Structure formats: C-alpha cells, structure tokens
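Only one structure is covered here, and it is reproduced in the block below.
The values are calculated or read from the model by the stated rules, or taken from the named source; none is laboratory data. For clarity, every value in this text was computed on a predicted model and none was experimentally measured. Positions of Cβ are generated from backbone atoms using ideal geometry, with glycine treated the same way; all protein chains shown enter the neighbour counts.
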C-alpha cells in the first residue's frame with residue numbers, strides 16, 4: 001500500500017476523541033478491513049476498531065517486562081504441568097486477533113492470547129480468525145484509556161471467555177470471566193504479591209510477585 005493511502009487511512013489516538021465510531025470526517029469515511037491493514041508496509045503498529053485504523057505507540061519497557069514475565073509463567077505451566085499438545089496455543093504480542101472473521105473490521109492486538117487445543121483451527125498463519133479463550137492486556141499510560149473504553153467492550157461483545165487486565169503501576173491484576181452474552185461476572189482482583197489461581201488454567205497457581213519487575 002502506498003504511503004499516501006496509508007496516511008489517508010491512519011488516525012492517531014490523540015486525534016480520535018471518538019475512536020471506533022464512524023463520523024462525518026472524510027478520513028473516517030474510508031472503512032478499513034483486515035486486508036487493507038495487512039497491506040501496510042510503513043513499519044508502524046496498528047489496530048482496527050470498527051473499521052478505523054488506529055496507530056499504536058511503542059510500549060514502555062515496564063509494560064514489556066510484565067508481558068514477558070507473565071508469558072513465562074503461563075508457558076512454564078503449559079510445558080511442565082499439562083504438555084504442549086494438550087495445552088493449547090499461547091502467543092505474545094504482536095499477533096492480530098480478528099474478532100469478526102466475516103467483516104474483518106475489528107482487528108486487535110492483545111498482549112497475550114491463549115486458544116484452547118480443541119479450538120486451534122482459528123489460529124491461522126497470519127492471524128487468529130475468531131475469539132480467543134483468553135486475552136491479556138497490560139496497561140501503560142499511552143493505552144490505558146483505549147484498553148478500557150474501546151478494547152474491553154469489544155471483548156465483551158464478541159464473547160471472549162476470559163480477560164485479564166494488569167496494571168503494573170498499581171500492581172493489580174483484574175480477572176474477568178464471561179457470565180453470559182455481553183456481560184462479565186464481577187471482576188476478581190489480585191494485588192501485590194497475592195497468589196493467583198485462574199479458572200482457565202486448572203492447576204495453575206502463581207504468586208503475582210513473579211510478574212512485577214523488581215523495584
């Protein structure tokens with residue numbers, strides 16, 4: 001895709017007070033699909049929210065440390081306590097998750113994604129075409145508002161069974177479990193060094209302190 005077309009499709013979050021909503025702005029009249037997004041070659045990170053291309057800033061080093069630490073905890077559990085074949089598919093960002101495989105106008109990049117083995121067919125070579133069983137979002141100053149106001153409601157609407165939100169500054173993990181169509185049960189909160197026993201990984205038990213970088 002040419003640079004001109006890329007610029008015409010792209011709006012940064014700061015310039016999008018109503019991100020995810022199609023407006024009368026000429027830029028947002030061009031509805032972006034996954035194929036448009038996949039054709040970009042400018043080296044930037046994007047997500048597609050209701051057909052609007054949103055540029056992603058680079059994550060902070062604190063954010064990346066938390067993602068790496070949690071991924072290691074989950075990977076270790078799958079490899080040593082389940083086994084790779086029965087443990088499903090666990091992937092860190094960047095990985096595209098197309099929540100609506102039919103229209104392909106909702107393309108998100110969670111920080112960690114997990115798909116149960118019996119649903120592994122949704123994991124393609126280029127992206128995940130469907131709803132994962134777990135998505136993890138690690139907050140940082142540049143993405144906290146968008147994650148809570150734009151991404152979490154989409155996970156709820158499309159029926160992601162398990163959503164974890166980690167706040168490294170508050171040292172808090174919010175564990176959300178889908179209760180029914182379009183709603184999550186009361187969030188389970190885990191703080192500081194508490195022990196976490198997530199329902200989506202039977203037998204997993206870990207101290208939250210393993211996730212936070214040392215001060």
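Would you say residue 199 is more than 20 Å from the chain's Cα centre (by Cα) and either part of a strand (DSSP E or B) or exposed (fewer than 13 other Cβ atoms within 10 Å of the Cβ) (or both)?
In short, no.
Could you tell me whether region 173-193 includes any residue that is in the same structural domain as residue 128 (by TED's automatic domain parsing), at pLDDT 95 or above and closer than 17 Å to residue 62 by Cα?
Yes: one or more hits.
Would you say residue 88 is modelled with pLDDT under 95 and in contact with a helix residue (DSSP H, G or I) (Cβ under 7 Å, 6 or more places away or on another chain)?
Against the criterion (modelled with pLDDT under 95 and in contact with a helix residue (DSSP H, G or I) (Cβ under 7 Å, 6 or more places away or on another chain)), residue 88 qualifies.
Which of the residues that make up region 189-215 are farther than 18 Å from residue 113 by Cα and touching a residue at least 60 places away in the same chain (Cβ under 8 Å)?
203, 206, 210, 212, 213
Can you say whether residue 73 is in contact (Cβ under 8 Å) with a residue 40 or more places away in the chain, out of contact with any helix residue (DSSP H, G or I) (no Cβ under 8 Å at 6 or more places or on another chain), surrounded by 16 or more Cβ atoms within 10 Å (Cβ to Cβ) and assigned to a helix (DSSP H, G or I), as far as the supplied structure shows?
Answer is no for this residue.
What number of residues in region 144-169 are in a loop (DSSP other than H, G, I, E, B) and either out of contact with any strand residue (DSSP E or B) (no Cβ under 8 Å at 6 or more places or on another chain) or outside the structural domain of residue 66 (by TED's automatic domain parsing) (or both)?
Count: 1.
Please pick out the residue among 141, 110 that is in contact (Cβ under 8 Å) with a residue 60 or more places away in the chain, in the same structural domain as residue 175 (by TED's automatic domain parsing) and part of a loop (DSSP other than H, G, I, E, B).
None of the other options fit; the residue is 141.
I'm trying to understand the selection: among the residues of region 115-138, which are within 20 Å of residue 198 (Cα to Cα), surrounded by fewer than 21 Cβ atoms within 10 Å (Cβ to Cβ) and either touching a residue at least 40 places away in the same chain (Cβ under 8 Å) or in contact with a helix residue (DSSP H, G or I) (Cβ under 8 Å, 6 or more places away or on another chain) (or both)?
Within region 115-138, 131, 133 qualify.
So which of 78, 82, 52 is modelled with pLDDT of 85 or more, surrounded by 13 or more Cβ atoms within 10 Å (Cβ to Cβ) and within 30 Å of residue 201 (Cβ to Cβ)?
Of the residues listed, the single one that is modelled with pLDDT of 85 or more, surrounded by 13 or more Cβ atoms within 10 Å (Cβ to Cβ) and within 30 Å of residue 201 (Cβ to Cβ) is 78.
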